[in-house]
1. Any idea what the alpha-carbon Rg over 2.2 N^0.38 Å comes to for the chain?
2. So which of Lys22/Lys112; Lys82/Lys167; Lys28/Lys164 end up more than 25 Å apart by C-alpha?
3. Can you find, among Val13, Phe137, Ala71, the residue sitting farthest towards the positive end of the charge dipole of region 11-205, where Lys and Arg contribute +1 and Asp and Glu -1 at Cβ?
4. Please tell me the relative contact order of the chain in percent, rounded to the nearest whole number, where contacts are Cα pairs under 8 Å and at least six residues apart.
5. Nearest 10 degrees, 0 to 90: what angle lies between the long axis of helix 51-60 and the longest principal axis of the chain (Cα atoms)?
6. Given 0.36 nm per residue, what is the gain on full extension from Gln54 to Ser208 after removing their alpha carbon distance, in nm?
7. Which value in deg cm²/dmol, rounded to the nearest 500, describes the helix-derived mean residue ellipticity at 222 nm for the chain, given -39,500 (n - 2.57) per DSSP H run of n ≥ 4 and division by the residue count?
8. Select from region 117-215 those GluC sites (Glu not before Pro) which occupy a DSSP coil region and have at most 11 other Cβ atoms within 10 Å, ordered by residue number.
Amino acid sequence: VSYGQSSRGALIVFEGGDRCGKTTQCRKLVERLRSQGVDAVMWRFPDRSTSIGQAINAYLVEQSHMDDAVAHLLFAANRMEKREEMLRLLSGRTTLVVDRYSYSGVAYTAAKGVPHLSMDYCRAVEVGLPAADLVIFMDMTAEATAARGGYGQERYEKVDFQQKVMKAFEALRDERWAVIDASGTIDDIHQKVAAVAEPVVQRALAGSALGRLWD
Ligand code: TMP
């Protein structure tokens, strides 16, 4: 496990509001990279398969109530429990394409506006995880995603809350983010995704240094 400069896989993260099409684009990017001979796998957070993930799932489908801080810490813990495996895969030159990551962790909790869960606090509990080489932000208004099928089934799928999440995401943007209009066709979006992702994968394979949250 190394943050130094040796050939490695890239950490590519998709972010955005609920129902913006992230999952479809993650799959298509992984397929494309594999067809080019790049070792790539898709992950998603929350990972609902672990025991922490099952507690998160019960919370999201509103089968359980949790204090906001506890929910926040469980989402973070659900990434921490995957930290070693992530670093192992990256150093073994596997590119990880991840459907949501720490940026969702911060944006969704910060959007709640709970005074003791400030953006700084939310960021602090993610320290120790690798930073994404590229965050592909699927840009779409809360109103447009709400019009999509299946919307409203989970806890956070409410237009007024999603608008606050979008503001929180804006505050997290830096030079590693690529903002892509998520309202186009699946194939148009995929071409834009490929154009930003492929050079990042090549740079990682050539040995670009892996960053840390929140350097
Ligand atoms: P999903 O629909 O992508 O599986 O995400 C489930 C929900 O959990 C979505 O509304 C975003 C939210 N979420 C958080 O609140 N914190 C987190 O750390 C992550 C990864 C997701």
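Laboratory data are not the source of any read-out in this text; all were calculated from the coordinates shown. Quick caveat: nothing in here was measured; it's all calculated off a predicted structure. As a convention, Cβ positions derive from the backbone with ideal geometry for all residues, glycine included, and neighbour counts pool all protein chains shown.
1. Values: Rg = 16.6 Å, N = 215, 2.2 N^0.38 = 16.9 Å.
Compactness ratio reported: 0.98.
2. Going by Cα-Cα distance, Lys82/Lys167; Lys28/Lys164 fall outside the 25 Å limit.
3. Val13
4. 37 percent
5. That works out to roughly 50 degrees.
6. Full-extension gain reported as 51.9 nm.
7. Value at 222 nm, helices only: -14000 deg cm²/dmol.
8. Sparse-neighbourhood loop GluC sites (Glu not before Pro): Glu175.
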